[in-house]
Every structure is written in structure tokens, then in C-alpha cells.
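The values are calculated or read from the model by the stated rules, or taken from the named source; none is laboratory data. These figures come from a predicted structure and were not determined experimentally. With ideal geometry, Cβ positions are generated from the backbone for all residues, glycine too; neighbour counts draw on all protein chains shown.
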Amino acid sequence: MTPAIALTIIATSLGTAFLSGIFGMLGGVILMALLVSLLPTIGAAFVLHGLIQLTSNGFRAFLNRADIQWRIIALFLVGGVGALALLSLVRFAPDKAVVLLSLGLLPFAAAAIPKSLALNAERPAHALLSGLTITATSLLTGVGGPLLDVFYQRTSLTRHQVVATKAVAQALAHIAKIIYFGVLVANANNNFPDGVLLGVCVITTMIGTTFGKRVLDNMADATFFRWTGRIIYTLGVILIVRAIMVW
């Protein structure tokens, strides 16, 4: 890995952690797209992304720990373990174009879910479903945040409770991704990143997350939910175009 690529990854980990610290998502999608483009294999990109995002989401959960809804997390975990067990039987690894296209389509796929389904993470069955689908999506595309957001748009939770609970859920999905691509798939031993690069990214991720929370604390709930949609759809279009260019 060249110094230029390493510095790009470090800078992006800082910026995306800041963005995720505000909205509880979005940053992971951008980071995944960058890593897939820069690193030689999908497995290496997924593992590094999982480790960086595990730090980002774990630290964000710690900063907002008083607002975590643990009942939702318990059910999410059950669904997530089921998804990991099922996909471990297949051990599928997508190529770069498929990952980029999937990342771009995720927000629109989430928006296409009929409102009559009224997905709500506060409902036990829906929390379980979120664990199954988000973990599976994370293993197949690298990111499940845009789809996870669908389960929190109709809840009665505050913006802090949404960010805190989603942070734990996404951390669990990233752990599953690290296990999948770092242990189970072929050539898994070659997927782990350089320790120095990872250490620096961990530090920048914590810094970005801390400053992102400061912005979140001063943002109104209505503004939070409005801008989440606008940013993710714009990003989706960009990633679809990028996937077409790579194909």
C-alpha cells in the first residue's frame, strides 16, 4: 500500500466517522466505497471497513450509552447470528462492481418498501427481522446502514436513542463481517490490514465520532430525519454511476 493510499484512508476514516457521529449512518457507505476502490481484494476492504466501523460505532454507542434500547439490540443479535450462520454455508464474496451497485441501490430499495409494512424496530418481530436482514446485507455488500434506517423512521425514539441503538446494531453487524471475511472465506489470512494503519484509523475515527456527537447534540429531531434522507439518496446516485464506470 502506498503512503498516498494510506493517508486517503486515514482522512476518510476521520470524515466519515464525523458524518456517522451526526446521522448514525452514511459515513460507513462512503468509507466502504472508497476501500473497495483502493484495496486489492473485496475481503481486505470488508475486514478493514469492519474494524474501522466497529470502532466508530462502538465509540458512538459508548458516548450515547444512556440512550441504547437494549431490548431491540437483544432481538437484533438473534437475527444477526442466524444470518451469519446461513451465509457461512455459502461463503459468497462479491466483486467490486456488485458492491458499489448494491451500495447505491440500498437507499432506493429501502424507500421502495411499502409504507403499509410500517417497519418499526420497537416491535419485537421487526427488531428480529432487522438483525437478520441488516447482517445479511452487511455480509453481502459491506454496509447495512441505509436499510437499517428503515426500521427507525417510524419509531417513537428520539434522535439520540436512534443513533445509540443503531450504533450497537451496526457494531454487531461489523463483527459478523469481520468473522465472515477474516475467518471463514478463502484466503482469510490475507484480509487483515497493517496494524499501524488500523491503529491510526482507530484514533481518527474516535476523534471524528466525538465531534459528530457535538453537532448531533445541537440538531433538532426534524432536521436530523430530513437531512438523513437527502444525503443518502444523493450518495446512492453517485455510487450507481461509479459502479457503471467500474463494470
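Restricting the search to helices (runs of 4 or more DSSP H) fully inside region 134-247 and requiring at least 3 residues that are within 30 Å of VAL90 (Cβ to Cβ) and in contact with a Gly (Cβ under 7 Å, 6 or more places away or on another chain) gives 159-179, 221-246. Among the conditions (1) within 19 Å of the chain's Cα centre (by Cα); (2) closer than 24 Å to VAL36 by Cα, the only one that VAL183 does not satisfy is (1). Remark: pairs (first residue in region 220-233, farther than 20 Å from VAL29 by Cβ; second residue modelled with pLDDT of 80 or more; Cβ separation under 7 Å; 6+ apart in sequence or on different chains) = ASP221/THR158; ASP221/ARG159. Go through ALA83, ALA127 for me and flag whichever is farther than 30 Å from ASP217 by Cα, surrounded by 15 or more Cβ atoms within 10 Å (Cβ to Cβ) and not β-branched (Val, Ile, Thr). After applying the criteria, what remains is ALA83. Would region 105-114 turn up any residue that is at pLDDT 80 or above and assigned to a helix (DSSP H, G or I)? Yes; the residues of region 105-114 include at least one that is at pLDDT 80 or above and assigned to a helix (DSSP H, G or I).
For region 91-137, which positions are polar (S, T, N, Q) and more than 22 Å from GLN161 (Cα to Cα)? Before you say what the answer is, go through the steps one by one.
Step one: list which residues in region 91-137 are polar (S, T, N, Q), which gives 102, 116, 120, 130, 133, 135, 137.
Correct list: SER102, SER116, THR137.
With respect to LEU239, is the statement that it is farther than 13 Å from SER20 by Cα and within 18 Å of the chain's Cα centre (by Cα) true? Yes; evaluated as a whole, the condition is true for this residue.
Counting only residues that are among the basic types (Lys, Arg) and more than 28 Å from VAL183 (Cα to Cα), which one in region 130-171 is surrounded by the fewest Cβ atoms within 10 Å (Cβ to Cβ)? Give the steps one after another, and end with the answer.
Our first condition is that a residue be among the basic types (Lys, Arg); within region 130-171, this holds for 154, 159, 166.
So of that shortlist, the ones also more than 28 Å from VAL183 (Cα to Cα) come out as 154, 159.
On the way: ARG154: 16, ARG159: 23.
That would be ARG154.
Here GLN53 clears all of (1) under 20 Å from ILE232 (Cα atoms); (2) modelled with pLDDT under 85 except the condition numbered (2).
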